[in-house]
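**Student:** Here it is, the structure in full.
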Amino acid sequence: MEVSSDNQVSTSKEVVVGTPTTSRFTRSQQPPTGATGRDDVGGLLQRTQSSRFTRSQQAPPTGEAHRSCSHRSLGAILAFLQLGFIFLFVFGSTYSTELYSPLEYTIYRDIMAMLIIGFGYLMTFLRKYGLGAVGFVLMLTALGMQLSIFMEHFVHFVYYPENTPFPLPLTLTKLIDAEFFTATLLITYGAVLGRASPFQLVMIMISESFFYAINKVMLVFGVFGAEDVGGTMTIHMFGAYFGIAVTKALGQRAHRSGNEASNRFGDVIAFIGTTVLWVFWPSFVGATETGEPENEMRCVINTILALFGSTGAAFYLSFVLGKGKFDAVHIQNSTLAGGVAVGSSARLDMGPGGATLLGVLAGLVSVAGYFYSTPFLLNKFGINDTCGVHNLHGLPAVLGGLASAVFVTMDHDAEFLSYGRPQQAWRQIAATVATIALASVSGFLTGLLLVKTKNPAAREYDDSMWWWEDECYEQMGVDSEGGEDSDEGDEEDNEGHKE
């Protein structure tokens with residue numbers, strides 16, 4: 001690429017198809033050919049200032065006419081959904097007469113920070129998909145919460161018709177429940193990050209909201225009466241295996257462009273998501289127990305201890321498998337595995353030692369999953385799990401679901417359990433198996449439908465397919481993720497690691 005200016009700034013880069021152009025762990029620090037001074041940068045920014053505010057009025061770049069159909073479909077479905085939500089809020093909902101709880105709003109705010117900042121920034125590792133990672137998280141959160149409010153109410157009406165009021169009384173509890181679905185949806189998004197178009201993401205949202213509600217209302221809490229206060233089964237397990245099934249149906253990517261790799265800047269930004277999730281996770285697990293002080297205390301303390309355990313275990317095993325060095329992928333993700341695993345048992349009297357031990361096991365399982373499971377699933381089954389949600393959400397959730405079968409037998413005073421200890425134990429296992437089965441089948445069917453909407457000419461892991469980008473970044477030799485472009489290819493490809 002060459003750009004001429006008054007100062008004759010020029011950079012050149014050769015890209016070899018099929019070879020990653022960045023490395024997850026090492027990046028060339030060589031400056032662009034031809035020194036670029038302060039005046040050069042200022043001139044480039046000044047010349048691109050007007051295009052920054054008028055670019056949406058420009059015609060699509062040459063050779064991208066194939067995108068127009070997808071854009072029209074996306075615009076139509078976004079307008080249809082939002083107009084439909086307006087109709088439902090006007091005619092199908094009302095304000096609740098329950099007293100307002102400031103504590104519930106605090107919980108709502110904490111979870112919203114996890115969704116937007118935590119999930120969003122945790123997925124910014126892809127070198128050319130940072131806008132899609134954060135931007136589409138915001139889109140899915142806003143649409144997904146509105147959809148879930150009415151979808152879950154509808155499924156609840158089907159299963160409990162006598163206990164479902166109409167119009168729907170809106171409460172903060174309803175909004176928090178909608179956040180739970182959105183977390184499930186964003187976990188699924190992590191599996192298809194960079195591969196599914198915005199239109200396909202909306203289709204995933206519609207399908208998953210229905211099957212999520214069926215699993216939560218009818219199966220886990222209905223037929224099986226399982227204990228799952230923190231969403232180990234209903235949120236993490238369902239979202240992970242639904243997403244894995246979708247990406248299996250989509251098939252392997254057609255070619256390797258190098259965009260699926262990461263860079264140092266993206267890895268640093270992803271740690272922002274990790275820390276936000278790590279800090280607010282106890283609020284997420286104890287969100288439904290704000291009216292029960294003892295239960296909420298156990299949820300919070302058990303979650304904190306489990307996070308302590310998974311963090312220590314993640315650092316240990318990453319150091320061992322990395323032969324004396326830590327892998328950023330493990331630390332960004334596996335440190336959170338304890339929060340995933342403890343959800344089903346969080347309000348049980350599992351003891352501080354039990355919570356910490358479960359967190360340690362979850363951290364070890366998660367790191368091992370990134371190291372062994374991710375390449376195995378890709379090479380043997382063609383499952384391209386972009387963020388590695390199977391390792392952060394899937395495997396620790398299975399561990400937590402099975403562990404809950406043990407912990408329910410240890411708490412003799414858990415009056416909130418639906419059944420006696422022996423029966424409750426096998427129901428925990430049955431709910432785990434049923435969740436994996438329903439998520440996998442419904443996710444695969446959804447993926448098969450998405451294949452029919454797939455555009456073979458679309459570029460994967462590339463923000464420029466859906467976002468206008470500043471020309472000054474390219475002219476200065478800086479990629480869209482904020483790191484300098486390298487003249488040399490990457491040493492290794494590090495895709496399929498995150499969440």
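**Student:** Report yes if some residue within the range 91-98 is touching a residue at least 24 places away in the same chain (Cβ under 8 Å) and assigned to a helix (DSSP H, G or I); otherwise report no.
**Tutor:** Step one: of the range 91-98, the residues touching a residue at least 24 places away in the same chain (Cβ under 8 Å) are 91-98.
Now restrict to residues that are assigned to a helix (DSSP H, G or I): 91-92.
Looking through the range 91-98, at least one residue is touching a residue at least 24 places away in the same chain (Cβ under 8 Å) and assigned to a helix (DSSP H, G or I).
**Student:** Quick one: would you say Met218 is part of a helix (DSSP H, G or I), within 24 Å of Ile107 (Cβ to Cβ) and of a type in the set (A, V, I, L, M)?
**Tutor:** Criteria not met by Met218.
**Student:** Still on this structure: Which count do you get for residues in the range 128-142 that are crowded, with 21+ Cβ neighbours inside 10 Å and in contact with a Phe, Trp or Tyr (Cβ under 8 Å, 6 or more places away or on another chain)?
**Tutor:** Adding up the residues that qualify gives 7.
**Student:** Which residues, taken from the range 258-313, are buried (at least 23 other Cβ atoms within 10 Å of the Cβ), of a type in the set (S, T, N, Q) and in a helix (DSSP H, G or I)?
**Tutor:** Passing the criteria: Asn302, Thr303, Ser310.
**Student:** Taking Ile429 and the conditions (1) touching a residue at least 60 places away in the same chain (Cβ under 8 Å); (2) among the aliphatic types (A, V, I, L, M); (3) closer than 22 Å to Ile244 by Cβ, which numbered condition does it fall short on, given that it satisfies the others?
**Tutor:** It fails just one condition, (1).
**Student:** Considering only residues of the range 92-127 that are at pLDDT below 90 and surrounded by 17 or more Cβ atoms within 10 Å (Cβ to Cβ), which is nearest to the chain's Cα centre (by Cα)?
**Tutor:** The selected residue is Leu126.
**Student:** I've got another one for you. Would you confirm, using the coordinates I've provided, whether Phe319 is surrounded by fewer than 19 Cβ atoms within 10 Å (Cβ to Cβ) and modelled with pLDDT of 95 or more?
**Tutor:** Here the answer is yes, as Phe319 does meet what is asked.
**Student:** What about Ala397, is it of a type outside the set (Lys, Arg), at pLDDT 90 or above and surrounded by fewer than 21 Cβ atoms within 10 Å (Cβ to Cβ)?
**Tutor:** No: the conditions fail for Ala397.
**Student:** Another one. For the range 149-191, how many residues are more than 28 Å from Tyr461 (Cβ to Cβ) and assigned to a helix (DSSP H, G or I)?
**Tutor:** The qualifying residues number 22.
**Student:** Can I ask one more? Consider only pairs whose beta carbons are under 6 Å apart and that are at least six residues apart or on different chains; among these, list those whose first residue lies in the range 288-311 and is farther than 20 Å from Glu179 by Cβ and whose second residue is part of a helix (DSSP H, G or I) and among the charged types (D, E, K, R).
**Tutor:** Here the result reads none, with nothing in the range 288-311 linked to a residue that is part of a helix (DSSP H, G or I) and among the charged types (D, E, K, R).
**Student:** Okay, next question. Check Ala213, Ala142 and return the single one that is without any contact (Cβ under 8 Å) to a residue 12 or more places away in the chain and either assigned to a helix (DSSP H, G or I) or closer than 23 Å to Trp467 by Cα (or both).
**Tutor:** So the residue among Ala213, Ala142 that is without any contact (Cβ under 8 Å) to a residue 12 or more places away in the chain and either assigned to a helix (DSSP H, G or I) or closer than 23 Å to Trp467 by Cα (or both) is Ala142.
**Student:** Turning to a different aspect of this structure: Which pairs turn up if I take residues in the range 225-249 that are touching a residue at least 60 places away in the same chain (Cβ under 8 Å) and look for partners that are aromatic (Phe, Trp, Tyr) with beta carbon separation below 7 Å, at least 6 apart in sequence or on another chain?
**Tutor:** Pairs that qualify, where the first residue is touching a residue at least 60 places away in the same chain (Cβ under 8 Å) and the partner is aromatic (Phe, Trp, Tyr), are Gly225/Tyr419; Gly231/Phe180; Ile235/Phe180; Phe238/Tyr212; Ala245/Phe444; Lys248/Phe381; Lys248/Phe444; Ala249/Phe444.
The values are calculated or read from the model by the stated rules, or taken from the named source; none is laboratory data. Predicted model, so just to flag it, every value in this text is computed and none were measured. With ideal geometry, Cβ positions are generated from the backbone for all residues, glycine too; neighbour counts draw on all protein chains shown.
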